[in-house]
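Notes for the one structure printed next.
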Amino acid sequence: MALQKACEDEWTLSGVKSTFTIPIPGSLTSEASGLFTDICGWGWRFSCMVSAASTTEPPRLLNANSDIPIPWRRISMYFDPYLISDVNYGKVTFHLETKNLAVMPHEHSFSQVVLPISSSSGDKVKRKSSASIRSISSHRVALQPYMYRGDAVELPTISIRVQFPTDLGMALPRPLDTSVEDALAETIQGADIIDMKFYAYTRAGFTPEGKGYVARPRSLFAKLGLLRGHSDSLDTYISALTGTAGVNFAEAKMVDLDGDMDVEKRFDDYDCMSDSDLDPDEEAEREGEASISEDASIVVEHQGLAFPDSNLASPMSASQLLVTRRKGRVVVIKGHAFKTWHALLHYLYTNKIAFRTPDGSQQRPSNVPKCSAKSMYRLADRFGLEDLKALALKSIKAQLSPDNIIHEVFSSFTSLYPEIVDLEVEFLLKHLPSLKEDMEKMLKDICGGTRPHSFLILSKIIYRQEQELFSAPSASPRSELGQAIELRRSESPMPPRSNSPGLRFRSPGPRTPNAEY
C-alpha cells in the first residue's frame, strides 16, 4: 500500500501543500507501516504508520448509546527530507489539516524542524512549547499523531503545508489558477476579459467646519471570475455588490463600462479619514479645472488618416471607427482608498504586493502598485485574506522604530487589532528607557481626552510592566513607565476627589486623524 496523492501539490507564496489519502487495513488486527508518498515539492516525501485497532489503550472511546468501546487506530505521520536532506534551508514549518481524523490528546498540529537534520546530536529538531515533534532517525521526523475511529465510514485524508523561511528569498513556482484558465477559455467564445468596473476615492480633506470627506473617484477594471475563490468573505462581498447572490443592488445591473457614470464626486461617510492611501485634497488644487474623463466614449475621429490596405485608402467616418462598448457591472468602493484597492486587484491577479515606506527605501517590483501596509492589513483582515494580512503585518513590523513607536502604538489603527497591539507594545517596552520625554507628552494627550481609543493600549502597557516588576527580584528598580507616572504625580497636585460613585471612561466617539497610516 502507498499514500496516494488526492491532488497535485499546491504551490503558494507561503509554501507547498500536499494532500493524500491514508489507506486503512481491512482487518482490525492488521497494521500498516512503510507507507510513503511520491516525491513532494522539490524533493521531500511523507510516510505513515497505521497501528492495529485497540479498545484498551487510552483514550477509551465509548458508544453514545452503550458502554461498548469503539476501536481506534493510531496514525503516525513522518516528514522525510529525502532529496533535500543535506540542504541548509533553516527552520521549516509544517501546517497540518485533516479529515476523518482526531488529534491525539495533549498533542498539537503545528511543528518545526531545522534542515539539515543533524544525525550526530540530540538537538536535531528545534522544539516549541506548543509543538510535538521529534527526530526518529537522521532523515525522518515525526509529526502529529492522530486517531482514526473504527466506526468511521470514509478513509482519512491529510494535507501538509511545508513552509520555508521568507528570508531565503525563494520564488515558488505556481501552476496556472483554475480561474485564470476559465477566464482565458471564455475569451475563445467571445467573452470579454473585463466585466467589472470599480470606482474608489483618491483624496481626503476637511471642510472649513472641520468635517472630513473623501473625493475624486478613479476607476479600475477587473474580471469577476478572477476575483473569486480567494476567501469566503471577499466572495460574499463581491456577490452582494454585483447582485450574483440574489441581492438586487442598483449597482448590480449590467451597464456600459465605457460610458459616463453618475458617481458621487465626494462623500462624508468614509470609515477612516487617517488612511494614508488617500492624498490630501487641497482646496485650491485644480479648482475649476476641467478633468480628463476616464469614461468618455471610445471614438476615434479620422483626422484625414490613410490606411495601407487598399480597401481602406479613403478616410473613415467616426461612426465607422466606433469601438464596441464593453458591458459589465459597476461598483463604488466606499470603504477603501483607490491605492489600496488597486494593490489588492494586482495581488489577486499576480500574488505580488509592494508596500510604501516612509523613506522610500523599499524597492518594488516593476509594475507593482504601492500601498500603505496598514491600509492593506485593514482590508485583508476584513476579507479574511490571511497570506496578504501576514505580508502587511511583516511590513508594519519592519517600519517600526524608536522615532515612531509612540505615535504608532497609540494610533486609532493599532487599537483595532490585538495582534498589532501586542507587536507594538512589545517594541515600545524594549525602547521605553530612551523615550521618557515622548511618553510623558503622550500621557498628557491621553489624559486630555484627545485619544479615547488608547485606554486598552495603555492598560496593556501597564499590565506588562506590572508583570515585569513582580517577576523581577525585590531589589530591582521600578519599571520605566512606573517611574514616569510617579514623577508626574509628585510634580502635580492631586485633583479634588470626585463625588461620583466610580470611575467613568469616556466613550471612543468618532475617530480623529491623529494616527495616519
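The values are calculated or read from the model by the stated rules, or taken from the named source; none is laboratory data. Worth saying up front: this structure is predicted, and the values here are computed from it rather than measured. Methodologically, a virtual Cβ is constructed for each residue, glycine included, from the backbone with ideal geometry; neighbour enumeration extends over all protein chains shown. For the accessible areas, the whole protein counts, side chains as well, though only heavy atoms, and no ligand, DNA or RNA atoms are used. Shrake-Rupley method; radii C 1.70, N 1.55, O 1.52, S 1.80 Å.
Just so you know, the Cα atoms of the stretch 332-428 work out to an Rg and Dmax of 13.3, 39 Å. Residue-wise HN-Hα couplings along the stretch 215-228, as the Karplus relation 6.51 cos²θ - 1.76 cosθ + 1.60 with θ = phi - 60° gives them from phi, are 8, 6, x, 10, 9, 9, 10, 7, 9, 4, x, 7, 9, 8 Hz; Gly and Pro carry x. Could you pull out every one of the lysines with an alpha carbon less than 26 Å from that of K197, ignoring same-chain neighbours closer than 8 positions? Those lysines meeting the cut-off are K223, K253, K265, K327, K334, K339, K352, K370, K374, K389.
Taking 0.36 nm per residue of separation and subtracting the Cα-Cα distance, full extension of the segment from R149 to R228 would add 24.8 nm. Once both labels are positioned 7 Å from their Cα atoms along Cα-to-Cβ, the gap between K352 and I462 label points is 5.0 nm.
Kirkwood Rh over Cα pairs of the stretch 25-80 into Stokes-Einstein at 10 °C, 1.306 mPa s: D in µm²/s? Walk me through the numbers on the way to the answer.
Values: Rh = 13.1 Å.
Using the Kirkwood radius from Cα pairs, D works out to 121 µm²/s.
A simple spin-label model places pseudo-atoms 7 Å from Cα toward Cβ; at E186 and D445 they are separated by 4.8 nm.
Given a Förster distance of 41 Å, report the FRET efficiency between T29 and E97 from their Cβ-Cβ distance, rounded to the nearest 0.05. Before the final figure, lay out each step's value.
Working: r = 30 Å, r/R0 = 0.73.
Calculated value: 0.85.
Close amide H partners of V92, meaning residues 5 or more places away or on another chain with modelled amide H under 5 Å apart, are V113, V114, L115. Based on the Kirkwood approach, the hydrodynamic radius assigned to the stretch 53-98 is 14.5 Å, with every pair of different Cα atoms included.
For the stretch 160-168, putting each phi into the Karplus relation 6.51 cos²θ - 1.76 cosθ + 1.60 with θ = phi - 60° gives couplings of 10, 9, 9, 10, 9, x, 5, 6, 6 Hz, in residue order, rounded to whole numbers and with x for Gly and Pro. Here E264 and K436 are evaluated by their C-beta separation; at R0 = 56 Å the FRET efficiency comes out at 0.75. Heavy atoms only, probe 1.4 Å: what % of the accessible area of the stretch 381-440 goes to carbon and sulfur, would you let me know? Of all accessible area on the stretch 381-440, carbon and sulfur atoms account for 52 percent.
Computed with every protein chain present, the accessible area of L184 is close to 90 Å² [probe 1.4 Å].
Can you give the Rg/Rh ratio of the stretch 187-230, where Rg is from the C-alpha atoms and Rh is the Kirkwood radius? Provide the component values of the computation, followed by the final result.
On the way: Rg = 16.9 Å, Rh = 13.2 Å.
Rg/Rh: 1.28.
Please list F206, F36 in order of solvent-accessible area, largest first, computed with a 1.4 Å probe with all protein chains present. Let's see the in-between values first.
Values: F206 95, F36 70 Å².
Heavy-atom accessible area, descending, gives F206, F36.
Accessible-area rank, largest first, for K397, K436: K397, K436, with all protein chains present and a 1.4 angstrom probe.
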